[in-house]
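Engineer: Take a look at the following structure, please.
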Amino acid sequence: MFQYSKKEWRMIVTGTIFLAIGGAAQASVPYLTGQVIDSIQNEKDTSHLHEVAIQVIFITIIGGVALSLRGFLYNLTGERVVLAIKKDLYNAIVMKEMTFFDHTKSGELANRLSSDTTLLQSAVSTSISVLARNIFMLVVTVIFLLLISPKLTLIMFT
């Protein structure tokens, strides 16, 4: 699997960069929402409220675009990896001797090959993408918590 993924390393790295941008944007929205609430409570300074509201909108748009590009790149990578695997598998089947096909039905082989590679594509593109996003979100969230309140964060983990 990694052998096939090596060819697509640029898209994987680019997708991971978009993952970092989108994850950081998603993780910062609750903090900025807290800033909006604080600005509402301090009725004296409404200019800060507008600034923070614009930041929330901007960061949400940036995060959405970045996460969409991440999903696109990871899915495209998954498609390409599965296509390369399918080509190799079909070539291996074509190179079999004729006696192999006496025992094995070619329709069963084609059906099995198609269904197995579809499952593989789902695992490669979607599952790995979601796993990477969740791990990144966990790390970024803990960093934000440490920046906001180190003592409270350490108490939470004990």
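The values are calculated or read from the model by the stated rules, or taken from the named source; none is laboratory data. Just so it is clear, the structure is predicted and the values come from calculations on it, not from any experiment. All Cβ positions, even for glycine, are placed from backbone atoms using ideal geometry, and neighbour counts span all protein chains on display. Remember, those area values only see protein heavy atoms, side chains included, never the ligands or the DNA or RNA. Shrake-Rupley method; radii C 1.70, N 1.55, O 1.52, S 1.80 Å.
Engineer: Give me the Kirkwood hydrodynamic radius of the range 78-126 in Å, from all C-alpha pairs, to one decimal place?
Structural biologist: One over the average 1/r among Cα pairs gives 11.5 Å for the range 78-126.
Engineer: Moving to a separate point now. Tabulate in residue order the Karplus-calculated ³J(HN,Hα) for the range 146-151, using 6.51 cos²θ - 1.76 cosθ + 1.60 with θ = phi - 60°, rounded to whole Hz; enter x for Gly and Pro.
Structural biologist: Computed from phi, the couplings for the range 146-151 are 5, 6, 6, 8, x, 5 Hz.
Engineer: Here is a further query. Set Lys and Arg Cβ to +1 and Asp and Glu Cβ to -1, take the dipole of the chain about its Cα centre, and tell me which of Phe101, Gly23, Val142 lies farthest positive.
Structural biologist: Looking along the dipole axis, the top candidate is Phe101.
Engineer: I'd like the distance between the alpha-carbon centres of the range 52-86 and the range 14-45, rounded to an integer number of Å.
Structural biologist: 19
Engineer: Right, another one. Could you give me the radius of gyration and the Dmax of the chain, taking only the C-alpha atoms into account and expressing both in angstrom?
Structural biologist: Rg then Dmax for the chain, in Å: 23.8, 86.
Engineer: Let me ask something else. Would you mind classifying the range 1-89 by shape? Square roots of the alpha carbon gyration tensor eigenvalues, ordered a ≥ b ≥ c; an a/c under 1.5 is rounded, otherwise it is prolate if a/b is larger than b/c and oblate if not.
Structural biologist: Verdict is prolate for the range 1-89.
Engineer: Counting just the Cα atoms, what span does the range 92-158 cover along each of its three principal axes? Round to the nearest Å and put the largest first.
Structural biologist: Principal-axis extents of the Cα atoms in the range 92-158, largest first: 71, 19, 16 Å.
Engineer: Sticking with this structure for a sec: Compute the length gained on full extension between Glu108 and Glu51: take 0.36 nm times their separation in residues and subtract their Cα-Cα distance, giving the result in nm to one decimal.
Structural biologist: Here the answer is 14.3 nm.
Engineer: In the chain, carbon and sulfur make up what percent of the accessible area (probe 1.4 Å)?
Structural biologist: 68
Engineer: Around Gly22, what is the net charge, scoring Lys/Arg as +1 and Asp/Glu as -1 over all other residues with Cβ under 13 Å from its Cβ?
Structural biologist: Counting the neighbours of Gly22, the net charge comes to +2.
Engineer: Most fluctuating residue of Thr77, Thr16, Thr33 in a GNM of the chain with Cα springs under 10 Å: which is it?
Structural biologist: With Cα springs under 10 Å in the chain, the top fluctuation among Thr77, Thr16, Thr33 is at Thr33.
Engineer: Out of Tyr74, Tyr90, Tyr31, any idea which swings most in a Gaussian network model of the chain, alpha carbons joined below 10 Å?
Structural biologist: Among Tyr74, Tyr90, Tyr31, the largest GNM mean-square fluctuation belongs to Tyr90.
Engineer: Suppose the chain between Ala123 and Thr141 were pulled fully straight at 0.36 nm per residue; how much longer would it get relative to their current alpha carbon spacing?
Structural biologist: 3.9 nm
Engineer: Could I ask something else about it? Under the rule a/c < 1.5 gives rounded, and otherwise a/b versus b/c splits prolate from oblate, where does the range 53-114 land using the Cα gyration tensor?
Structural biologist: Here the range 53-114 falls in the prolate category.
Engineer: Also: Go through the range 88-158 and name the trypsin sites (Lys or Arg not before Pro) that are in a DSSP coil and have 15 or fewer other Cβ atoms within 10 Å of their Cβ.
Structural biologist: Counting only loop positions with at most 15 other Cβ atoms within 10 Å, the trypsin sites (Lys or Arg not before Pro) in the range 88-158 are Lys96, Lys105.
Engineer: Multiply the residue gap between Asn42 and Leu131 by 0.36 nm, knock off their C-alpha separation, and tell me the result in nm, one decimal place.
Structural biologist: Separation in residues times 0.36 nm, less the Cα-Cα distance, equals 28.0 nm.
Engineer: Quote the charge dipole size of the range 46-158 about the Cα centre in Debye, to the nearest 20; the model charges only the Cβ of Lys and Arg (+1) and of Asp and Glu (-1).
Structural biologist: About 160 debye.
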